[in-house]
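One structure is given below, encoded as structure tokens.
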Amino acid sequence: LMSELKAGVLGLGAMGGPMASNLAAAGLLVAVWNRTGEKAAAFAREHDVDVAGSPQELAARCNVVLTCVSADPDLEEVIGLMVPGLEPGDVVVDASTVNPLTAQLLARRLAEDGVAFVDAPVSGGVEGAIRGTLSVMAGGESADIERIRPVLEAISGMVTHMGPVGSGQATKAVNQVIVAGIAEGVCEALALSEKLNLPSVRLLSVLGAGAAGSWFLEHRGASMLENRFDTGFKPALLLKDLKIV
């Protein structure tokens, strides 16, 4: 294990923000960086951590950097900006959802500087991120995952090592096929239930008690039937994930 884990988080969105909060609560977080500075400043005030002036400065301040960004080009860009601040022995752990090939490419690039890379995409929704109960699917060297285990455990309920770098993202691709299929099935069914004027509370209760039950139905069914779409996962990002598949 590293003598002292000094974690930084890059990307304070719907998932990254709550993950950073849990790292702060665990006493592991020293600094954050976000593309829109106001979000980082507000987070830093609330959690008494520093805002790095740049990805390079974040990398220089920390020995573990957790990234959580929207897509492959964003990840490639911010890791490129971090490289001058990274030192041999540092670990970059990526919780974004990207192509497994992107993870492998970035791992090779960082290895040239003696920096380890772990792909650690997550599942469990915004609620899971807030509660720190996410499921982490990790790819990388066992030794690297063990070194940063306290960081992964602070954000999750379960950490599963799936294999070498890229295996985490490959697992997430499989995960997203199921997530998307279930989401579509539930949405189609609930649209039908509205057309049939079925009582929504009883409907959700009876469906959830049988084979139609699912995380998505349980966490999104009631809000969707009330026409509330404030919490959750942008369809544009789900489409991006399915294009990876």
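Within the stretch 1-145, the ratio Rg/Rh, alpha carbon atoms throughout and Rh by Kirkwood, equals 0.92. Binning the alpha carbon pair distances of the stretch 1-54 at 5 angstrom intervals from zero yields the distribution 5, 23, 35, 23, 9, 4, 1, expressed in whole percent.
The value of relative contact order for the stretch 102-245, using C-alpha pairs under 8 Å at least six residues apart, is 21 percent. Based on Cα contacts under 8 Å between residues 6+ apart, the chain shows a relative contact order of 16 percent.
With a probe of 1.4 Å, find how much accessible area the stretch 125-216 has per residue, and write the answer as a whole number in Å². Spell out each step's value before the answer.
Numbers: 4790 Å² over 92 residues.
I get 52 Å² per residue for this part.
Go ahead and run the numbers for FRET between Ala189 and Ala209, Cβ-Cβ distance against an R0 of 25 Å, rounding to 0.05. Show your work: numbers first, answer last.
Details: r = 15 Å, r/R0 = 0.60.
After rounding, the FRET efficiency stands at 0.95.
List the trypsin sites (Lys or Arg not before Pro) within the stretch 134-228 that fall in a DSSP loop (any state other than H, G, I, E or B) and whose Cβ has at most 14 other Cβ atoms within 10 Å. If you can, show how the numbers build up before the last one.
Working: sites: Arg147, Lys172, Lys195, Arg202, Arg220, Arg228; in loops: Arg228.
Qualifying residues, ordered by number: Arg228.
Its residue count N fixes a reference of 2.2 N^0.38 Å for the chain, and the Cα radius of gyration divided by that reference is 1.07.
I need to check one value: relative contact order of the stretch 1-99, counting alpha carbon pairs closer than 8 Å and at least 6 residues apart, in percent. Show your work: numbers first, answer last.
Values: 176 pairs, mean separation 29.5, N = 99.
The normalised contact order for the stretch 1-99 reaches 30 percent.
On the principal axes of its alpha carbon atoms, the stretch 96-214 extends 62, 26, 20 Å, with the longest extent given first.
If R₀ is 22 angstrom, what is the calculated FRET efficiency for the pair Glu226 and Ile178, using the beta carbon separation as r and rounding to 0.05? Walk me through the intermediate numbers first.
Details: r = 25 Å, r/R0 = 1.15.
The value I calculate is 0.30.
Largest GNM mean-square fluctuation among Met224, Met137, Met15, using the chain with Cα springs under 10 Å: Met224. Taking a label point 7 Å from the Cα of Ala25 along the Cα→Cβ vector, which residues of the stretch 130-150 have an amide N closer than 18 Å to it? Inside the label zone: 130-136, 150. Please compute the net charge surrounding Leu106, taking Lys and Arg as +1 and Asp and Glu as -1 over other residues with Cβ under 10 Å from its Cβ. Surrounding charge for Leu106 is -2.
Can you count the Lys pairs in the chain with C-alpha separation below 24 Å, eight or more apart or on different chains? Walk me through the numbers on the way to the answer.
Values: Lys6/Lys39; Lys39/Lys234; Lys172/Lys234; Lys172/Lys240; Lys172/Lys243; Lys234/Lys243.
Number of lysine pairs found: 6.
What does the charge add up to near Glu87, with Lys and Arg as +1, Asp and Glu as -1, over the other residues with Cβ less than 12 Å from its Cβ?
Values: positive: Lys6, Arg61; negative: Asp90, Asp113.
Net of charged neighbours comes to 0.
What net charge do the residues around Ile178 carry, taking every other residue with its C-beta under 14 Å from that of Ile178, with Lys and Arg at +1 and Asp and Glu at -1?
Numbers: positive: Lys172; negative: Glu184, Asp241.
That sum, taken over residues with Cβ under 14 Å, equals -1.
Backbone amide hydrogens, once placed in the peptide plane, bring Met158 within less than 5 Å of Val136, excluding anything fewer than 5 places away on its chain.
Rounded to the nearest 20 Debye, what is the dipole magnitude of the stretch 1-80 about its Cα centre when Lys and Arg each give +1 and Asp and Glu each give -1 at the C-beta?
Working: 5 positive and 10 negative charges, 36 e Å.
With only Lys, Arg, Asp and Glu charged at Cβ, the dipole is about 180 debye.
The values are calculated or read from the model by the stated rules, or taken from the named source; none is laboratory data. Just so it is clear, the model here is predicted, and its values are computed rather than measured. Don't worry about glycine lacking a Cβ; one is built from the backbone with ideal geometry, like all the others, and counts go over all protein chains shown. Heads up: the accessible areas ignore ligands, DNA and RNA and are worked out on the full protein's heavy atoms, side chains in. Shrake-Rupley method; radii C 1.70, N 1.55, O 1.52, S 1.80 Å.
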